[in-house]
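The values are calculated or read from the model by the stated rules, or taken from the named source; none is laboratory data. Predicted model only: the values in this text are computed from it and were never measured. Cβ sites come from the backbone with ideal geometry, for glycine too, and all protein chains shown count toward neighbours.
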Amino acid sequence: MIKAENVVKIFNSHAGIIRAVDGVSTEVAKGEVVVVIGPSGSGKSTFLRCINGLEAFTEGHILIDGVDLADKKTNINKVRAEVGMVFQQFNLFPHKTVLENLTLAQRKVRRRSRKVAEEKAYALLKKVGIHDKAGEYPSRLSGGQQQRVAIARALAMDPKVMLFDEPTSALDPEMVGEVLDVMKQLAREGMTMIVVTHEMGFAREVADRVIFMDEGKVVEVGTPEHFFTNPKEDRAKLFLKQVL
Amino acid sequence: MIATNKTWPWKLLLVAILLVMAAGTWGAVQKIEYQWRWYRVPQYFLYHAEDAQKIAFDGIVQTIKTSGDVTEVVLVSENAEKLTVSIDTDTLQVSEGEDLFEGDTVGFVRQWRLGPLMMGLWTTLWLSAISSVFALVLGLLTGLARISKNFTVRGLATIYVECIRGTPLLVQIFLAYFFLGTVFDLSRNVCGIGALSLFAGAYVAEIVRAGIQAIPKGQGEAARSLGMNSFQTMVEVILPQALKKILPPLSGQFISLIKDSSLVSVIAITDLTKSGREIITSTFATFEIWLVIAVMYLLVTSILSQIVYYMERRFAISD
Ligand SMILES: Nc1ncnc2c1ncn2[C@@H]1O[C@H](COP(=O)(O)OP(=O)(O)O)[C@@H](O)[C@H]1O
Ligand SMILES: [Mg+2]
């Protein structure tokens, strides 16, 4: 489903050259849930953003259903429509209602009729538990509600894979659960997911595989059971000691 | 400390200061013994024109029918041509049966007409309005070009903006009129509108660019991550949010344009300022006319500011 081969992303900033992602290779099978963890600045977000082309990588290949993002002929908009992304800051469109947030790309990109798009939107809002807020503007919603709308917005495109970049990090603690519940349900339904998170409980419960990154590299990979009980690498041990 | 919301002492102070300033001005004007002629001013807003109604042939007055203020005079020529003229009753200068020659006055029609100050104001307004529309389109395109990824497009936009912002509007108007106007054979109105549009367009471009850059990056990323292309992202997500943000500076720019348009009077466009100068040469009421013109500009700009203020409040609903 997703195959990353030796992906390198170099930032040339005034602070110097940063190898944010430094040779990451991994494969994610259909229906698999992969959780990416690691200290801040280890390149998790950058790697995730490379997968849907928000960040153009410097070296390597990323194949999504066999389509190579490194290939110049690849239509990146088409790929993005298949790859849903949920951001830490929700990034809902503030000038559009919840319903319009969900129908905009369906209509503009998928060319669905208003009726079809709205039916889909209502069904998804119901699924994430916010069907009574369809006409509201995002600013009227709590953080947890906004993030659930953002998940629904991504799902409305019928993506083949969902990427989550610390979806609960900007939330008040009491709202983390409602968002994780939606994600767990998605995982149970067989959605292919790559999740960057600090929620170790979620990783333990839902992940098929845990990837630990540090300084742009994959340091350790394994099942949650292996990773949380018996990590091999010192850096992983240190990290776990700090977060658990 | 207890917070007080007594504002009246400060209001009183404000009024006192204004009164002192007015008195000072008054005193200074008294000293130079200026002859105020305010009574000459109103006619330049509105005047009662008397248009002479003349006979177009040699003939006689056949009938005169008066009904109230209006009188209808029927004239017949030597070869039985008939002509009916309507005039104001009290200006009737002929009697029934009288012989008239071509060009004789039958009477007058009085009519209220807008004076040069109003005509000048009208010119200023439409000139500014048309220039604003062009400036908006030009500024929007240039603002987008300024953040384009293409070097050439970005370079052209930057050069345009820097050239306009780095030279005085007065010089631009002269260049537009004497250089471009001569080379391309353009009328003064076209040159005036062109110069004002180019001038305001550069400032609008900077406002648009700043407005777009003020939208959080996450908005564009969210739209792109849903598969929307860069055009759809701009039109559906970025611009609607940016335009709301730039409405106040944008309207400020257009209000400035009304004031800046006074400079087109140097290429003999009869706008409000030019009308004023023309009136002064015939009345010598220099102080009065310039004061009146200042108040007229002030009125127009304050009315517009108020309209914008209400629009902003209505726009604020979705957040
Ligand atoms: N746009 C950027 N320009 C320059 N450096 C960046 C940019 N984005 C991220 N980086 C750098 O890349 C490294 C990895 O960042 P990131 O992927 O955000 O890490 P994480 O998500 O694991 O915290 C950091 O050192 C960060 O400073
Ligand atoms: Mg991150």
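Restricting the range B:120-137 to residues that are surrounded by fewer than 19 Cβ atoms within 10 Å (Cβ to Cβ) and touching a Leu at 6+ places or on another chain (Cβ under 9 Å) leaves a set whose member that is farthest from B:Ile280 (Cα to Cα) is B:Leu136. Scanning the range A:152-171 for residues that are among the charged types (D, E, K, R) and within 13 Å of ligand 1 (Cβ to nearest atom) turns up A:Asp165, A:Glu166. If you go through the range B:67-97 and keep only what is exposed (fewer than 13 other Cβ atoms within 10 Å of the Cβ) and more than 43 Å from the chain's Cα centre (by Cα), you end up with B:Glu78, B:Asn79, B:Ala80, B:Glu81, B:Lys82, B:Ser95, B:Glu96, B:Gly97. Of all the numbered requirements in (1) assigned to a helix (DSSP H, G or I); (2) within 16 Å of ligand 1 (Cβ to nearest atom); (3) at pLDDT 95 or above, A:Ala236 misses one, and that requirement is (3). Quick one: in the range A:109-151, of everything that is within 14 Å of chain B (Cβ to nearest Cβ) and surrounded by 21 or more Cβ atoms within 10 Å (Cβ to Cβ), which residue is farthest from the chain's Cα centre (by Cα)? Result: A:Ala117. Only residues that are within 10 Å of ligand 2 (Cβ to nearest atom) and more than 14 Å from chain B (Cβ to nearest Cβ) were counted across the range A:37-57, and they come to 7. Screening the range B:223-234 for residues that are at the interface with chain A (Cβ under 7 Å from one of its Cβ atoms) and assigned to a helix (DSSP H, G or I) and picking the one that is surrounded by the most Cβ atoms within 10 Å (Cβ to Cβ) gives B:Ser225. The single residue among A:Met193, A:Met213, A:Met183 that is under 20 Å from A:Val28 (Cβ atoms), more than 16 Å from ligand 2 (Cβ to nearest atom) and not in a helix (DSSP H, G or I) turns out to be A:Met193.
Applying a threshold of 6 Å to beta carbon distances and a minimum spacing of six or more residues, or different chains, the list of pairs starting in the range A:9-27 at a residue that is among the polar types (S, T, N, Q) and ending at one that is in a strand (DSSP E or B) and more than 10 Å from ligand 1 (Cβ to nearest atom) reads A:Ser25/A:Ala4; A:Ser25/A:Glu5; A:Ser25/A:Asn6; A:Thr26/A:Ala4.
Scanning the range A:34-43 for residues that are crowded, with 24+ Cβ neighbours inside 10 Å and under 20 Å from A:Glu205 (Cβ atoms), we see that the one that is farthest from ligand 1 (Cβ to nearest atom) is A:Val35.
I'd like the full set of residues that are crowded, with 19+ Cβ neighbours inside 10 Å, within 16 Å of ligand 2 (Cβ to nearest atom) and either more than 8 Å from chain B (Cβ to nearest Cβ) or modelled with pLDDT under 95 (or both), limited to the range A:58-89. If the condition is that a residue be crowded, with 19+ Cβ neighbours inside 10 Å, within 16 Å of ligand 2 (Cβ to nearest atom) and either more than 8 Å from chain B (Cβ to nearest Cβ) or modelled with pLDDT under 95 (or both), then A:Val86 is the only one that fits.
Rundown of residues vs (1) out of contact with any Lys or Arg (no Cβ under 9 Å at 6 or more places or on another chain); (2) at pLDDT below 95; (3) loosely packed, with under 14 Cβ neighbours inside 10 Å, yes/no style:
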residue	(1), (2), (3)
B:Ala242	yes, yes, no
B:Asp271	yes, yes, no
B:Gly276	yes, yes, no
B:Thr281	yes, yes, yes
B:Ala294	yes, no, yes
B:Leu298	yes, no, yes
B:Tyr309	yes, yes, yes
B:Ile317	yes, yes, yes
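No other residue among A:Thr58, A:Thr46, A:Thr26 is among the polar types (S, T, N, Q) and near ligand 1 (Cβ under 8 Å from one of its atoms) apart from A:Thr46. Might you check whether a residue that is under 18 Å from A:Val33 (Cβ atoms), in contact with a strand residue (DSSP E or B) (Cβ under 9 Å, 6 or more places away or on another chain), surrounded by 21 or more Cβ atoms within 10 Å (Cβ to Cβ) and within 14 Å of chain B (Cβ to nearest Cβ) occurs anywhere in the range A:209-220? Checked the range A:209-220: no residue is under 18 Å from A:Val33 (Cβ atoms), in contact with a strand residue (DSSP E or B) (Cβ under 9 Å, 6 or more places away or on another chain), surrounded by 21 or more Cβ atoms within 10 Å (Cβ to Cβ) and within 14 Å of chain B (Cβ to nearest Cβ). Only one entry of B:Val266, B:Val208 meets the criterion of being in contact with a helix residue (DSSP H, G or I) (Cβ under 7 Å, 6 or more places away or on another chain), part of a helix (DSSP H, G or I) and at pLDDT 95 or above, and that entry is B:Val208.
For the range B:227-249, the condition of being in the same structural domain as B:Tyr160 (by TED's automatic domain parsing), under 29 Å from A:Ala156 (Cβ atoms) and touching a residue at least 60 places away in the same chain (Cβ under 8 Å) holds for at least one residue. Going through B:Gly220, B:Gly155 one at a time, which residue ends up being more than 21 Å from B:Asp271 (Cβ to Cβ), more than 29 Å from the chain's Cα centre (by Cα) and within 12 Å of chain A (Cβ to nearest Cβ)? Going through B:Gly220, B:Gly155 in turn, the sole match is B:Gly220.
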